[in-house]
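Q: Let me give you the structure first, and then I'll get to my questions.
The values are calculated or read from the model by the stated rules, or taken from the named source; none is laboratory data. Since we're looking at a predicted model, the values are computed, not measured. Heads up, the Cβs are rebuilt from the backbone with ideal geometry, glycines too, and the neighbour counts pull from every protein chain shown. The area values use the complete protein model at the heavy-atom level, side chains included, leaving out ligands, DNA and RNA. Shrake-Rupley method; radii C 1.70, N 1.55, O 1.52, S 1.80 Å.
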Amino acid sequence: PHVRVIFEAQEAIQAGEELFVSYGDKWFEAREHFLGIVPVDEHFKEADKLLSEFNNKDGDTVGKEDYEMLLKGAQDKDKRLRAALPDNLEDVPVALQKGTARFSVPDSVRSTAWLEEEGACLDNI
């Protein structure tokens, strides 16, 4: 039997944007041995906050060593928080602009031309 399921977007969807379905945080945690360390919503939110605070240090110049200290602190606190942060200081502006969750999935928006050539609807939605 088919179960009727309705999906409703909570924000605008760009043409070519990949759609994600959440199975909940526990789904990733239970598959760490297979998927590796995957941050979940709370980690991306905290990473966004950390990067914003790091970027707004009252005009102070922040360098690579400062960022490495931030990464070490994040790792010591929670390995999933560390995984939510960009590996390189050079990537921080893009992660700030996109948000760390979107930054972590760089190919989540494809051109419509790419989709016409390569795309497939796996769930017939």
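Q: For residues in segment 54-108 being in contact (Cβ under 8 Å) with a residue 40 or more places away in the chain, over 19 Å from Phe28 (Cβ atoms) and more than 12 Å from the chain's Cα centre (by Cα), which is least open to solvent (accessible area, probe 1.4 Å)?
A: Once the filter is applied, the top-ranked residue is Val92.
Q: Under 9 Å by Cβ, and 6 or more places apart or on different chains, what pairs join a residue from segment 1-27 that is closer than 26 Å to Leu81 by Cβ with one that is part of a loop (DSSP other than H, G, I, E, B) and open to solvent by 100 Å² or more (accessible area, probe 1.4 Å)?
A: Within 9 Å, the pairs are Leu19/Phe7; Leu19/Ile125; Val21/Phe7; Val21/Asp123.
Q: Taking into account only those residues within segment 1-49 that are surrounded by 12 or more Cβ atoms within 10 Å (Cβ to Cβ) and over 30 Å from Lys77 (Cβ atoms), which is nearest to the chain's Cα centre (by Cα)?
A: Glu17
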